[in-house]
Amino acid sequence: MTVPALPTGTYQVLSYDYVADILDRRDPYRPAHLEHALAARRRGELVNIGAVGTPPVGALLVFVDLPAAEVEAYAQADPYLLAGLVTGYRVQPWTVVV
């Protein structure tokens, strides 16, 4: 079995905390939120993104070769955060082992 390789580089993880009723409130902001993520993906900065929990309580976004300050700027410009759907976030380095 072949295991696909992740991009090499330095990783940062952006963790979001969502409002309790995110599923009820996100629809007006979702297209812009996804376009924000896709733009970072097209630039080669965003490796993966996804919600955490059922129902979602937050999200994880993995960036490669992007300084923490730029990940912070990404979060500050995210339509979900601007709309008050993200109640808190953290940017942390991620050391990939496997």
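The values are calculated or read from the model by the stated rules, or taken from the named source; none is laboratory data. Everything numeric here is computed off the predicted structure, so don't read it as measured data. Quick reminder, even Gly has a Cβ in these numbers, built from the backbone with ideal geometry, and neighbours come from all protein chains shown.
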Filtered residues of segment 53-84 (kept if modelled with pLDDT of 95 or more and among the charged types (D, E, K, R)): Glu70, Glu72, Asp78
If we take the chain, then helices (runs of 4 or more DSSP H) inside it with 1 or more residues that are free of Cβ contacts under 8 Å to residues at least 40 places away in the same chain, surrounded by fewer than 13 Cβ atoms within 10 Å (Cβ to Cβ) and on the phi < 0 side of the Ramachandran plot are 22-25, 30-42, 68-77
